[in-house]
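A quick write-up on the structure given underneath.
No lab work stands behind these numbers, since they all come straight from the coordinates. Bear in mind that the values here come from a model prediction, so they are computed numbers and not experimental data. Cβ sites come from the backbone with ideal geometry, for glycine too, and all protein chains shown count toward neighbours.
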């Protein structure tokens, strides 16, 4: 794990130079965007003028209320297409800048945190793995993401990316509404112990809100397996655990593992959804905002902002150490 | 249907539900105890392999290896009481811990893949054993609550159900391990 001081040095010596270069590119991008707007605006004005003049030639007036004014309608249709083209073109310009920025800055930050990690700005955790984790059980309607980080941290294989998942909710007759299931970082790591069952460690909303009654309903809910009541009261207050086997659940959630998960929740990640499925550890870390995105219309040459990128990636990678996943003293290598 | 009849049926139904929940909890305790047993057996199975793997290297710890072999044969002999069994298992745990520490003096052994595999298996069994004990205690806790709390305690009293003891670490386990003593024994 890298410290903030180490990152500050890295910023001053390496990233600063890249950010200067990218700032120049950003200004060029902004210029190009405005240039495009002017050119397309010119085309639209010309189109409208041509439409008006042809109208006058045909109907004797710029706009004739008795006629269909076809030349004008054609001009407007072309103008609208031009606006769409403008958006597409500028969207492409912005995308290209963001891609270049990530490829240079985010990739360097990832490599700085750990040489063995790889970064891809456009890839993400595939939906099959998101579904396999079984943390969110709603049927996916839309699913996309970006910023995939993957590789091996010491002995543990990890990958994570930003994910946005949506579902459709039926509200009343014929009314369908899009609703988010999850926005944030989805993290997968190879777990250091072998196991057969399926286990879920979820935030304990019911017991927190309804106390004993909440616990009663937790016991009655069998969809995720048996309720597993653990002996750490602080852990029990924050999480509810379900799973297939009482003993195996405790084998995976040793006393120290419970403490570690609790520390993670109390520290860097206040919202945690965890599942243990098929030898892997899945963690969903919800975030409201879009992550790792540079601005196009404002300078990115800013230490605070870059540190934010670094901290989020560093904290996520350090889950491996925080949960002690590199301790491989059991039969799983 | 008279009101009395309805009340009687309701009370009977309640007794059946309470009785069944008690039985379920008692079965969970027995089941959890069987879980401990299963991992103990798994540990017994590993001991001969461990002894075979280390005895070539560990010349100075012959006594310790003999002791663990003997403890194992006593534990699997069958005709021992539960308390003796617990005592034996505690001794086996301590002896295994001592072997783990002694290994540090034998770099060749530490490099032996066969031994490393065995050590990993043993670590796993120990962790599973500890998980099984925790699961047992959780089941006992839930069962004891039912036996001692109203209204299930009434049914428990009638049926003669008694609270069960928890699985606690023995006095010897609570104390810090004295490695020197272990080798002298």
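Compute a Gaussian network model of chain A, connecting alpha carbons closer than 10 Å, and tell me which residue from A:195, A:63, A:87 fluctuates the most. Result for chain A, Cα springs under 10 Å: A:63 fluctuates most.
Per residue, the Cα convex hull of the range A:117-322 amounts to 156 Å³.
A Förster radius of 56 Å combined with the Cβ-Cβ distance from residue A:103 to residue B:16 puts the calculated FRET efficiency at roughly 0.25.
In terms of packing, defined here as the mean over residues of other Cβ atoms within 10 angstrom, the peptides A:246-254, B:128-136, A:44-52 line up highest first as A:246-254, B:128-136, A:44-52. Please work out the FRET efficiency for the pair residue A:123 and residue B:86, using the Cβ-Cβ distance as r and a Förster radius of 56 Å; give the result to the nearest 0.05. Plugging the Cβ-Cβ distance into 1/(1 + (r/R0)^6) gives 0.55. Which of the three applies to the range A:32-135, rounded, prolate or oblate, going by the alpha-carbon gyration tensor with a ≥ b ≥ c and a/c under 1.5 meaning rounded? In terms of gyration-tensor shape, oblate. Quote the relative contact order of chain A in percent (integer), defining contacts as alpha-carbon pairs under 8 Å separated by 6+ residues. RCO, chain A: 18 percent. With all pairs of separate Cα atoms included, the range A:5-92 yields a Kirkwood hydrodynamic radius of 16.3 Å. If one takes the longest principal axis of the Cα atoms in chain A, at what angle in degrees, from 0 to 90 and to the nearest 10, does the Cα axis of helix A:205-220 lie? Its long axis makes an angle of about 70 degrees.
Return the whole-Å distance between the Cα centroid of the range B:100-173 and the Cα centroid of the range A:296-332. For the range B:100-173 versus the range A:296-332, the Cα centre distance is 36 Å. The stretch between residue A:1 and residue A:24 holds 5.1 nm of extra length on full extension. This uses 0.36 nm per residue minus the Cα-Cα distance. If you plug the beta carbon distance of residue A:53 and residue A:84 into 1/(1 + (r/R0)^6) with R0 = 25 Å, you get a FRET efficiency near 0.55. Neighbouring Cβ atoms from other chains, within 10 Å of the Cβ of residues in A:239-247, number 3 on average. Compute the label zone of residue A:299 within the range A:13-35: residues whose backbone N is under 11 Å from the point 7 Å along Cα-to-Cβ. What the label zone holds, given the 11 Å backbone N cut-off, is A:20, A:23-24. With helices as the sole contributors, chain B gives -27000 deg cm²/dmol at 222 nm; each DSSP H run of n ≥ 4 counts as -39500 (n - 2.57), and the sum is divided by every residue.
Placing dummy labels 7 Å off each Cα toward the beta-carbon, the span from residue A:92 to residue A:13 is 4.1 nm. Can you tell which of A:57, A:188, A:94 shows the greatest fluctuation in a Gaussian network model of chain A with Cα springs below 10 Å? In the Gaussian network model the winner is A:57. Of the residues B:11, B:54, B:155, the one that moves most in a GNM of chain B with alpha-carbon contacts below 10 Å is B:11. In this label model, residue B:141 and residue A:205 are separated by 2.6 nm, measuring between points 7 Å along each Cα→Cβ vector. Can you tell me how the protein assembly as shown classifies by the Cα gyration tensor, rounded, prolate or oblate, using a/c under 1.5 as the rounded cut? Cα axes put the protein assembly as shown in the oblate bin.
Inter-chain Cβ neighbour count for A:249-255, averaged per residue, equals 5 (cutoff 10 Å, partner chain atoms only). Computed per residue of chain A from DSSP H runs no shorter than four, each worth -39500 (n - 2.57), the mean residue ellipticity at 222 nm is -15500 deg cm²/dmol.
The stretch between residue A:232 and residue A:194, if pulled fully straight at 0.36 nm per residue, gains 11.4 nm over its current Cα-Cα span.
Among the residues of B:111-118, the average count of other protein chain beta-carbon atoms within 10 Å of the residue beta-carbon is 1.
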